[in-house]
1. Quick one: what pairs do we get from the range 55-83, first residue farther than 14 Å from ALA171 by Cα, second among the β-branched types (Val, Ile, Thr) and part of a loop (DSSP other than H, G, I, E, B), C-beta under 6 Å, 6+ apart or different chains?
2. Within the bounds of the range 172-184, is there any residue that is in the same structural domain as GLN99 (by TED's automatic domain parsing), basic (Lys, Arg) and assigned to a loop (DSSP other than H, G, I, E, B)?
3. For the range 142-174, give me each residue that is among the acidic types (Asp, Glu), in contact (Cβ under 8 Å) with a residue 12 or more places away in the chain and within 20 Å of VAL111 (Cβ to Cβ).
4. Being within 16 Å of GLU97 (Cβ to Cβ), polar (S, T, N, Q) and in contact (Cβ under 8 Å) with a residue 60 or more places away in the chain, is that true of even one residue in the range 124-141?
5. Tell me the strands (runs of 3 or more DSSP E) entirely within the range 96-145 that contain at least 1 residues that are over 29 Å from the mean Cα position of the chain (by Cα) and hydrophobic (A, V, I, L, M, F, W, C).
6. Just to be sure I understand, how many residues within the range 150-171 are under 18 Å from GLN99 (Cα atoms), under 32 Å from the mean Cα position of the chain (by Cα) and either part of a strand (DSSP E or B) or not assigned by TED's automatic domain parsing to the domain that holds LYS107 (or both)?
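The values are calculated or read from the model by the stated rules, or taken from the named source; none is laboratory data. As the structure is a computational prediction, the values presented were derived from the model and not from experiment. Here Cβ is always computed from backbone atoms with ideal geometry, including for glycine, and neighbour counts include all displayed protein chains.
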Amino acid sequence: MKNEELRMKNYIVSDFFSKEKKLLKFSFFFFFLFFVGCRNDRPHLPANKLPKDYTTENLLEMNRVLAEKETKEIEAFVEQSELDFTQSPLAFWHHIEYQGDGRSIQKGDIVRITFDLSLLDGTVCYTPQNKGDKTITIGRFDIIRGLDESLLLLNEGGRGTFIIPSDLAFAMIGDQDCIGAKKTIIYEIKTVEIVP
């Protein structure tokens with residue numbers, strides 16, 4: 001009887017392990033089918049090639065369109081103006097009313113200027129009585145680049161009018177006061193004095 005009990009126990013144990021093997025095989029087969037069946041057959045981009053980002057392209061295109069529009073507005077203003085404007089290589093426009101009788105302004109000079117600042121639509125933003133006077137060092141960009149470059153065209157005591165596109169002025173942020181984003185500005189320089 002003991003042999004038969006022992007055989008029966010062995011049969012039950014081997015049957016158990018046999019069922020466990022079948023369950024393992026079935027589980028493995030199921031997972032294999034699941035992962036193969038869910039496989040994405042689309043080709044993958046190489047790790048060094050990212051999907052194209054159109055945001056930068058769209059922003060560049062928008063900026064190009066806005067610059068073209070601004071250029072047309074400036075050209076229309078210049079055409080209607082009674083003053084004789086000349087375009088500089090840097091793309092700002094200038095009319096020198098009086099060259100000045102002092103020495104020419106150069107980079108590194110400290111100058112005191114008074115001016116009227118307005119927008120193309122005629123809005124006056126600053127006058128000598130209201131923020132329209134500054135002491136600056138030429139070439140250090142204490143002011144906007146367009147004005148810094150414009151002043152190099154004058155001698156001490158000179159006067160002139162300068163139309164400065166937004167990319168050489170306050171660009172996309174404006175001056176947080178009177179000048180808005182992407183606005184062309186007009187500086188009418190009243191006086192230029194070199195500070196010793």
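1. ILE74/THR184
2. The answer is yes, given that some residue of the range 172-184 is in the same structural domain as GLN99 (by TED's automatic domain parsing), basic (Lys, Arg) and assigned to a loop (DSSP other than H, G, I, E, B).
3. Pass one, the range 142-174, residues among the acidic types (Asp, Glu): 142, 148-149, 156, 167.
Checking which are in contact (Cβ under 8 Å) with a residue 12 or more places away in the chain leaves us with 148-149, 156, 167.
Across the range 142-174, the qualifying residues are ASP148, GLU149, GLU156.
4. No: the range 124-141 contains no residue that is within 16 Å of GLU97 (Cβ to Cβ), polar (S, T, N, Q) and in contact (Cβ under 8 Å) with a residue 60 or more places away in the chain.
5. Details: elements: 110-119, 124-126, 133-137.
Per the criteria, 110-119.
6. Total satisfying the criteria: 4.
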